Amino acid sequence: MSIRLKVALPYVLLTIVVTLIGVYVVTQLVTGTLNERLTNQLLESGRSVSDAFVRQESYHVEEARRLVYIQGLAEALRDGDRETALTLIEPSLGVSDIENVILITRDGEEFLHLIQNGDDKAVRVEQDTRAEELPIVTPFLQRRNPEDPPRRTFGVNLFNEVTYYYTSMPVLLDGRFEGVVIVGTSIDTLIPAVGRLALADVVLYGNNGQIMATTLGVLSDAEYANLTISDAQYQFIIRSEEIVTGENLTLSEREFTLGRAPLQIGNDRIGVFAVLLPSDYVTDFGETSRLAYAAIFTALMIAVITIGTLVARTIIRPLYKLVKTSQAIASGDLNRRTGIDAKDEIGTLANNFDEMTARLQERTLELERANAVLQRMDKTKSNFIQISAHELRTPLTLIMGYSQMLEQDAQKDPELASLARGILEGAERMTGVVESMLDASRIDSDALVVKKINLEVEPIIIKVYKGYEKAFEDRKIDFETHGLADLPYVSADPELLQKVFSHLVMNAIKFTPDGGKVKISGRYLNGNEPPQVEIEVLDTGIGIDPEMKDLIFEKFNQTGEVLMHSSGKTKFKGGGPGLGLAIARGIIQAHGGRIRVESKGHDEIKLPGSKFIVSLPVVKGTEKTS
């Protein structure tokens, strides 16, 4: 379907539908009674009032959480450091619409009390306002349950005798209850905004049926008495499931229709409100001839369709040019321009499109030049790594040889023998780093030689474990395997595959605290094509941030602060060149497999752990049956 039909046909159909609906509405629905329309509007206004308080509650909870999670606040509350707490909260209060903040200690002491005055400055309240006695505070102090949800209520602040809408929630430190934070907005601020949203006047009642706030302005004693409700009425309304309507009264010589309803936020009913609408809110249209309305709407429909057709033609022609130009640019012709010279919005769009194309052309050239430079730099870096690694191998070999000779000659001198062993261990570790650099260089230059044979995975894992058996014992980390003996043969280079799992097991040891667990399990995936085996290396360590799940497979990538790493390669958070996972990925990809990681996140307290999954194709016909 062409764009002309797409624009014109829906436009015509919509116009006809709107016309028919308009005729029906005018001739049928307007005949409803005034009372029905007033009742409907009262119900809608009541829902708007409830929605407004729910939105305010959401804002309170958001602001309370923002205060609770200010770094250092919970510690200041725990330590009784009021000045630090004031320093942390006061700047946040200045950029918020919250007018009252109160902190209560876990022992029920009013710790800090701030009120926002008229010039956006926070006033520190020194007197005890007995905020700990509020019904939204005492349950927290009694239960001290960090999982308790926020609570809300209306309350009068004893400092300035102003009624506030309060929300409270617990303050936690390392999952432990440390106190309560209360945030509040004054009713004098809240009620006018609620009235504007509801398009009606609003009255808010307290627990005894007395008026707490209203948008009606100054009322006479008689008018105030007419609006006030008894405690029995209050209890009846707060238990009602919907708005109670139908009451009429006169205020300032004007007739109003009033409806009352419970104010419910979440599962809590914290008060009663009323909405008032003038009785002449909906005007009486009277009855008008249906034929007259039909004629008017028909004439309007014809006029709208005619004008719409002309407008559509004016819009569609330049749009065709824009489409053709965009198609040419998408095909790579960045020299193409729209050529539209109009003074309307489409002309502006075309000019912006042409300018963006020109900037895209410039940026493309810049990126091509920058990419060429980066490729040269990457090549230089790879050459440097390869040359450095080769040059280091010879002196390292000499150091290892001489240190071995020195160790043999110093058997009668324990101190000298210990020094020789230290030199030898350091040289061996440096040799490992050099070998890793050479492996990374071979992978980058596609020079990795893979000598595949049909082999079983379990013996490879056993060899890797033997290499780290002492580290497991020293760190008291349990090691176990599952399902490896049942795996079919894979076509792989045994030496390279051993390097892969050596890097994975070493990482699992490094990032698992003492007393943890490392488990390697395997399973056969027969439903895949080609069939594969999956070997999972699972640890109970500190886990990996989701943002790092791809970066950890890049060369020289390190998690956490590098300077904070320990010196031992199998010690907790031990150091390393950051090449292990990059080498593992390169080797697995060279075997036609893939490697990925799963983790719930990084947490050195909860220890969510990590799971590295290696997938390798199997040798057909080697599946084992149980």
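Computed from the coordinates by the stated procedures, all read-outs in this text should not be read as laboratory data. Values in this document were obtained by computation on a predicted structure and should not be read as measured data. Here Cβ is always computed from backbone atoms with ideal geometry, including for glycine, and neighbour counts include all displayed protein chains.
Charged side chains reduced to their Cβ positions (Lys and Arg at +1, Asp and Glu at -1) give the stretch 449-617 a dipole of some 320 debye around its Cα centre.
So for each of 249-255, 41-47 I average, over its residues, the number of other beta carbons within 10 Å; can you give me the resulting order with the highest mean first? Walk me through the numbers before you get to the answer.
Values: 249-255: 12.0, 41-47: 19.4.
Highest-to-lowest ranking by the protection proxy: 41-47, 249-255.
With R₀ set to 56 Å, the beta-carbon distance separating ALA358 from GLU598 gives a calculated FRET efficiency near 0.80. Extending 7 Å from the Cα toward the beta-carbon at both ARG78 and LEU367 defines two label points whose distance is 5.0 nm. Between ALA299 and GLU529, the modelled label-to-label distance comes to 7.0 nm, taking each label 7 Å out from Cα in the direction of the beta carbon. Here the calculated FRET efficiency for GLU554 and GLN411, from their Cβ-Cβ distance with R0 = 41 Å, stands at 0.35, rounded to the nearest 0.05.
3J(HN,Hα) couplings calculated from phi for the stretch 201-207 with the Karplus curve 6.51 cos²θ - 1.76 cosθ + 1.60 (θ = phi - 60°) are, in sequence order, 7, 10, 10, 10, 9, x, 4 Hz; Gly and Pro show x. With each label modelled as a point 7 angstrom along the Cα→C-beta vector, the LEU14-LEU249 pair spans 4.7 nm. 3J(HN,Hα) along the stretch 529-540: 10, x, x, 9, 10, 10, 10, 9, 9, 10, 10, 10 Hz, from the Karplus curve 6.51 cos²θ - 1.76 cosθ + 1.60 with θ = phi - 60°, whole Hz, x for Gly and Pro. Taking only the C-alpha atoms of the stretch 37-278, Rg followed by Dmax gives 19.1, 61 Å.
Determine the sum of side-chain charges near PHE53: Lys and Arg each +1, Asp and Glu each -1, restricted to other residues whose C-beta is under 13 angstrom from that of PHE53. Before the final figure, lay out the partial values.
Working: positive: ARG47, ARG55, ARG152, ARG269; negative: ASP51, GLU57, ASP268.
Counting the neighbours of PHE53, the net charge comes to +1.
Between ASN454 and ASP231, the contour length at 0.36 nm per residue exceeds the alpha carbon distance by 71.6 nm.
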